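The next block holds one structure in the form of structure tokens; read it before the comments.
The values are calculated or read from the model by the stated rules, or taken from the named source; none is laboratory data. Because the structure is a prediction, the values reported are computed rather than measured. So basically every Cβ, Gly included, is an ideal-geometry build from the backbone, and we count neighbours across all protein chains shown. We work out accessible area using only protein heavy atoms, side chains counted, and drop any ligands, DNA or RNA first. Shrake-Rupley method; radii C 1.70, N 1.55, O 1.52, S 1.80 Å.
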Amino acid sequence: MGWRKKVDKTVLWLLLVHILLISVVGADNRRLNLWPMPESVSHGQGTLYLDSEKFELKTEGSKYGDASGILKDGFSRVLDIIKGEHIIQGTSRFGSSVVIKGIHVVILSSNDELQYGVDESYKLSIPVQGNPLYAHIEAQTVYGALHGLETFSQLCYFNFETRVIELHQAPWTISDKPRFSYRGLLIDTSRHFLPLPVIKKVIDSMTYAKLNVLHWHIVDTQSFPLEIPSYPKLWKGAYSSTERYTMAEAADIVSYAYKRGINVLAEIDVPGHAESWGVGYPLLWPSKNCTQPLDVSSDFTFKVIDGILSDFSKVFKYKFVHLGGDEVDTSCWTLTPHVSDWLKKQGLDASQAYEYFVLKAQEIALSHGYEMINWEETFNNFGSKLNPKTVVHNWLGGGVAQKVVEAGLRCIVSNQDKWYLDHLDATWQGFYSNEPLTNITKPEQQALVLGGEVCMWGEHIDGSDIEQTIWPRAAAAAERLWTPYDKLAKDPREVTARLANFRCLLNKRGVAAAPLAGPGRVAPFEPGSCYRQ
């Protein structure tokens with residue numbers, strides 16, 4: 001009978017181990033506090049502790065030399081985030097078998113060029129056995145490794161009872177990659193100037209949600225804050241002499257973003273939205289009384305655009321440049337005598353002149369090595385004439401992306417009814433549910449949808465309220481753009497608790513993310529826990 005008891009105990013022990021290490025799949029993912037949800041997750045129920053004072057980065061076996069310090073700096077930032085401002089006690093009271101000594105990162109490519117389509121995949125494993133014990137990240141590129149570090153940071157918690165950093169539900173095995181390669185956030189520095197520290201803080205917060213493109217809408221009707229060395233009077237269109245960016249500062253923003261795996265998409269919106277250009281160069285206006293769109297009849301207009309894009313090409317290295325092209329009221333051209341005369345000589349009406357301007361600006365962009373993004377009005381008005389390298393940026397409403405890809409062009413989705421952050425009545429649930437591939441079923445057409453972007457237009461936003469207007473609603477869109485379609489919640493209510501946790505995580509990291517309850521940028525309704533607001 002003794003052997004039977006022994007067998008029974010063994011079976012019971014194996015059963016307990018199986019229960020302890022049960023993987024989380026399907027609906028059980030709702031209990032995981034990770035955002036955005038990875039492609040594949042399994043975990044156990046063990047607890048590990050971080051030796052935060054001696055926590056180290058190991059790179060043995062990695063082909064990436066890290067000459068620019070992207071990985072080392074990323075590791076340091078993540079460790080600072082994990083530790084926060086807590087007073088942490090040592091882990092010597094715990095056995096070495098449950099103390100994580102560091103992270104071993106293996107990167108398979110030596111190349112750290114950051115461009116559209118870069119491999120951002122990673123695998124993260126956190127074992128419960130090892131002496132010493134290390135977490136492991138394997139990635140094709142350093143940018144995938146940065147995403148793996150971010151995911152690791154979200155698994156770590158400060159325990160106020162033990163006063164150490166703990167990692168629960170170990171062991172972990174996570175395999176992850178983005179659904180779309182373009183996951184953008186637009187900021188607008190024309191309607192309100194945004195100081196450099198504000199922009200950098202926005203970039204930092206983007207990394208927490210794995211967004212990877214900062215669309216910088218630099219200039220518009222109201223102001224022209226950026227230095228253009230080729231045409232130095234352009235920034236006379238800034239609001240004031242102190243609300244400006246030098247080109248060196250723009251390069252610093254690009255470098256800051258690059259080291260965090262984020263591309264910067266620069267935009268000059270032409271021919272409309274350009275009144276501020278003429279403050280420094282009045283010849284760009286059709287007349288002093290009719291100041292936009294830019295003068296289509298003047299060679300000087302296109303020389304200035306060429307100079308801007310030439311200067312851009314030295315700083316903004318993303319393969320795309322945004323040329324705008326939206327909301328063009330051509331009445332200035334028909335009402336201004338010299339422009340009207342030019343139109344007649346060219347045999348163009350105003351709408352044809354709009355097409356002429358956009359296509360000529362595209363040619364200039366191509367000459368500087370860029371591919372172009374234009375707002376959707378260009379497609380709606382003369383889609384068949386657009387250069388094949390054009391990416392159409394959908395913003396007016398639904399159904400456009402489907403038409404764009406059917407025409408064989410690429411598309412970015414930002415439909416204003418769902419993904420415009422300045423629309424304070426747009427709820428996080430709407431941001432989460434907005435599907436870029438709606439009614440696009442053919443794989444070859446789905447591949448033409450590069451991704452999507454949430455837009456933080458600046459008419460009523462400046463450095464005082466930009467964070468709470470962006471977050472947490474942008475995070476809802478970020479999961480839509482990152483997580484595999486079949487892993488997304490069909491009902492946004494299923495992710496409410498997890499998104500609330502992420503919003504509180506942002507707060508802990510110093511990001512002023514607003515409560516989930518209510519419209520965008522809402523204040524807390526009443527006293528209570530962060531997790532219930």
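Overview of results
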{"read-out": "Top-ranked residue of the stretch 496-518 - restricted to ones that are buried (at least 20 other Cβ atoms within 10 Å of the Cβ) and among the small types (Gly, Ala, Ser), ranked as nearest to Cys530 (Cα to Cα)", "value": "Ala500"}
{"read-out": "Of all residues making up the stretch 429-443, the number that are in a helix (DSSP H, G or I) and either in contact with a strand residue (DSSP E or B) (Cβ under 8 Å, 6 or more places away or on another chain) or open to solvent by 10 Å² or more (accessible area, probe 1.4 Å) (or both)", "value": "5"}
{"read-out": "Residue among Ser175, Ser240 that is closer than 19 Å to Val279 by Cα and surrounded by fewer than 24 Cβ atoms within 10 Å (Cβ to Cβ)", "value": "Ser240"}
{"read-out": "Residue selected from the stretch 251-285 under the condition of a type in the set (A, V, I, L, M, F, W, C) and within 16 Å of the chain's Cα centre (by Cα), by the criterion most open to solvent (accessible area, probe 1.4 Å)", "value": "Val254"}
{"read-out": "Options Ile203, Ile218, Ile268, Ile253: the member that is farther than 30 Å from Ile82 by Cα, in contact with a strand residue (DSSP E or B) (Cβ under 7 Å, 6 or more places away or on another chain) and not acidic (Asp, Glu)", "value": "Ile218"}
{"read-out": "Matching strands (runs of 3 or more DSSP E) fully within the stretch 62-150 where at least 1 residues are of a type in the set (D, E, K, R) and under 27 Å from the mean Cα position of the chain (by Cα)", "value": "122-126, 133-139"}
{"read-out": "Residues of the stretch 225-237 classified as of a type outside the set (Phe, Trp, Tyr) and either outside any loop (DSSP other than H, G, I, E, B) or open to solvent by less than 10 Å² (accessible area, probe 1.4 Å) (or both), total", "value": "6"}
{"read-out": "Selection within the stretch 315-359 - touching a helix residue (DSSP H, G or I) at 6+ places or on another chain (Cβ under 8 Å) and basic (Lys, Arg)", "value": "Lys317"}
{"read-out": "Spans of helices (runs of 4 or more DSSP H) in the stretch 286-400 with at least 1 residues in contact with a Leu (Cβ under 9 Å, 6 or more places away or on another chain) and crowded, with 19+ Cβ neighbours inside 10 Å", "value": "299-313, 331-335, 350-367, 377-382"}
{"read-out": "Residue match in the stretch 414-421 (condition: in contact with a strand residue (DSSP E or B) (Cβ under 9 Å, 6 or more places away or on another chain) and more than 30 Å from Ala514 (Cα to Cα))", "value": "no"}
{"read-out": "Selection status of Leu48, surrounded by 13 or more Cβ atoms within 10 Å (Cβ to Cβ), among the aliphatic types (A, V, I, L, M) and within 30 Å of Thr496 (Cβ to Cβ)", "value": "yes"}
{"read-out": "Which numbered condition Gln222 fails, given (1) more than 28 Å from Arg473 (Cα to Cα); (2) touching a residue at least 12 places away in the same chain (Cβ under 8 Å); (3) surrounded by fewer than 23 Cβ atoms within 10 Å (Cβ to Cβ); (4) more than 22 Å from the chain's Cα centre (by Cα)", "value": "(1)"}
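Quick grid of which residues meet (1) over 25 Å from Tyr258 (Cβ atoms); (2) touching an Asp or Glu at 6+ places or on another chain (Cβ under 8 Å):
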position	(1), (2)
Thr59	no, yes
Tyr64	no, yes
Leu79	no, no
Lys83	yes, no
Ser92	yes, no
